[in-house]
1. Whenever you get a sec, line up 201, 251 from highest to lowest accessible area (probe 1.4 Å, protein heavy atoms).
2. Compute the FRET efficiency between residue 99 and residue 163 as 1/(1 + (r/R0)^6), taking r as their Cβ-Cβ distance and R0 = 22 Å, and round to the nearest 0.05.
3. Keeping all protein chains in place and using 1.4 angstrom, which order do 177, 371, 172 fall into by accessible surface area, from largest down?
4. Would you mind calculating the gained length between residue 321 and residue 117 on full extension (0.36 nm times residue separation, minus the Cα-Cα distance), in nm to one decimal?
5. Evaluate the charge dipole of the range 28-99 about its Cα centre and quote only its size in Debye, nearest 20, assuming +1 on the Cβ of each Lys and Arg and -1 on the Cβ of each Asp and Glu.
6. With charges set only on the Cβ (+1 for Lys and Arg, -1 for Asp and Glu), what does the dipole of the range 685-729 come to about its Cα centre, in debye to the nearest 20?
7. Rolling a 1.4 angstrom probe over the protein heavy atoms, how many square angstrom per residue are accessible across the range 474-595?
8. Taking Cα centroids, how far is the range 260-283 from the range 479-509 in Å?
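The values are calculated or read from the model by the stated rules, or taken from the named source; none is laboratory data. From a predicted model like this one, the values you see are computed outputs, not experimental measurements. Methodologically, a virtual Cβ is constructed for each residue, glycine included, from the backbone with ideal geometry; neighbour enumeration extends over all protein chains shown. These area figures cover heavy atoms from the full protein model, side chains too; ligands, DNA and RNA do not enter into them. Shrake-Rupley method; radii C 1.70, N 1.55, O 1.52, S 1.80 Å.
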Amino acid sequence: MKNTPVFIIVWFATLSILVATAWWIVTQTTRNWFERDVTLRSDLVASSVRHALLQDSGLENIDRLRELLRDIARDERILAASLCNPEMRRITATPGFPNSLSCQKVGPYVHVTKGGAQGPWTAWREITELPPGGQVHVSAIPLMDDLRTYGFIVLIQDLSFVARREDSTQRFLLWAFVVLATLASIVTLISSRLLRRGWSKELREMARGDSGRRSPEFAPLLSDLRDLLERLAKEEQSELLGGVWTPQRLKLTLQRHLHGERIIVVANREPYIHDRAPDGGIRVLHPASGLVSALEPVMRACSGVWIAHGAGSADRETVDARDHVRVPPGEQSYSVRRLWLTPDEERGYYYGFANEGLWPLCHVVHARPIFRAEDWQYYRAVNEKFADAVCQEVDTPDPVILVQDYHFALLPRLLRDRLPHSTILTFWHIPWPNAEQLSICPWHVEIVEGLLGSSILGFQTQHHCNNFLHAADRFLESRLDREDFAVIRKQRRTLVRAYPISVEWPHHWAAAAPPIAQCRMEVRAELQLPENAKLGVGVDRLDYTKGIEERFRAIERLLDREPEWIGCFSFLQIASPSRTKIKRYDRLSPDLEQLAQRINTRFETADWRPIILRRQHTEPPDVFRLYRAADLCYVSSLHDGMNLVAKEYIAARDDETGVLVLSKFTGAAYELAEALIVNPYDLEEASTALSAALRMPLDEQRVRMQAMRRLIAELNVYRWAGRMLVDASRVRRREQLLGLLSVPEAR
Ligand code: F6P
């Protein structure tokens, strides 16, 4: 409503001009009416007097004439009257007739004399002021018939009634104008607002593609808008194409496209865990989490705040009064805001709904999901709790919020309700099931609905996007924009896109690690392996989706098929304990131990065993030393969103050797075509691949590794985040443009 004062001034000026013009016209018209009325009245009076004179045959009967004049003066508007003979002498007059209007004075106007010659008799009229101050109309009218002139009558009529009538007519007209003009203005204003609102709504619907209608009058505007959006998209696209993505470039992208210096990440797992060490001190641990290894470099580049569950045993001791701690230790480029969950909340939300329900639901690993109503209540409550925490952290009405993973399916909707102008980028790190599978979850509709609070919903692969689009179409009243891969629900659009996640490049743990030769030597010495022994490595959380049992069985099959590897090939498996409060996970550890033992017992020699199982948390510097020491890395997930161990192994191999054996059921297999891709359930295929990896000449290793390193250098995690941020800015710009088209009241 910036233009309101101008509008009021223009409205007022127009109204004033209209009223002044109307005033003038009315005054002139009423005055003419009244003057004509007075003239008519005096003519009538003169005619009645003439009639009386004719009946009485002249001016002789003075009494009769006086009576006649008195009758005439009874009319309230006739103040006085006098009769004059042709010689201009008064015959009679009503009492109080003013001397200033004597017959001699008025006579010459009635009987005009021109150059001494008598002219014709004629009526004379004048408006004049008479003391004590009143406007009067004086008329002198000759009294004649065809034969003679009897004289003339002088009539004085009161004109003050004219002024009174003029006054009240003008007042009435003035008010009528004001009321009419006000009504007309209000009607115009309301109808123009309604019209504008209608236009704006239609235009926005058309621009969003929500409307089936196409009003031709909007066509030019829409085509301009489309051109503008296309130009912006092209600019952004060209910015995305080519060139290496670095932390600096990501930071610049954030500043340039989203005008922000700070983003808010919500992820259940915190990037740094403060833990009470056995010696009583506090140590900092890096969790075994692909999500953390991907997001952490992004946060270091962009700064902001990471909201997570404070799960470390010394976490509470290391936060400030607002539950914040600056990280990474020593560098302090962003904050972690820790949220405390009660044991019941953790059990219901994390172990229960997220990891016993959604986790097996989303992974095709033949593990039955468990859905408990109580867990669902906790899941909802904890999502609310995180939404409240985000609201406490934001400092603008349109923050950029990165929601991570299956722990927070309801959070995007909760945030959208609380912060309608925020840009919410949700990334689902694990696979998304097909609609049949999804409908196993009793709350699948709420989950899809919750995720549609996002501005952008990212998955690892296009296949998972398609599954989600299908679910939205099937379970909710929504519309799909298949060209733009978007879901439109309740007038809001959520882009559904594949953003395969990646690792930082160059990788700081790789850069910090000792040279390859040193790693090879030291690790073999630690494992008491001969210097030239072949070493394979697997690094995982202890999780049934990772296919560790299948991995061990493939090794067993290899040794069965190719006994020449006995004594000269070992496989080191790092298995970080994970979600151990869940029975399925708890059982996994002894099961694996038994399996490894059984295989080892079959093949071991006095100083050698094929499988070395380390069931303990291992910090990244050690993990990277192992990657660099190993001849091959086997990632055998039975189903995995991406699997960043595969990409980390490639990032670690700056000597450009080493072989990656990779499950075809990982997201990584869609990108890393130069790995040896296997079906981990197929032990023949997997063991053949392990054999091929062990026998692969260095030249071939180099060709494959170089290609994969080139790919990951380009498709690194900064590009992953950058693509999402650029897409987010496009969404934001689109919303702003659509916002511009709407009247502010309509928003
Ligand atoms: O892969 C899913 C995931 O949540 C990752 O995002 C993360 O790396 C991993 O699981 C860690 O699991 P948790 O946080 O339960 O230990």
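1. Numbers: 201 120, 251 75 Å².
Output order, biggest surface exposure first: 201, 251.
2. Details: r = 25 Å, r/R0 = 1.15.
Once the sixth-power term is evaluated, E becomes 0.30.
3. Numbers: 177 70, 371 45, 172 145 Å².
Ranked list, largest accessible area first: 172, 177, 371.
4. Extra length from residue 321 to residue 117 when fully extended: 61.5 nm.
5. Numbers: 11 positive and 11 negative charges, 36 e Å.
It comes to approximately 180 debye.
6. On the way: 7 positive and 5 negative charges, 28 e Å.
Once rounded to the nearest 20, the dipole reads 140 debye.
7. Values: 5380 Å² over 122 residues.
Accessible area per residue, the range 474-595: 44 Å².
8. 27
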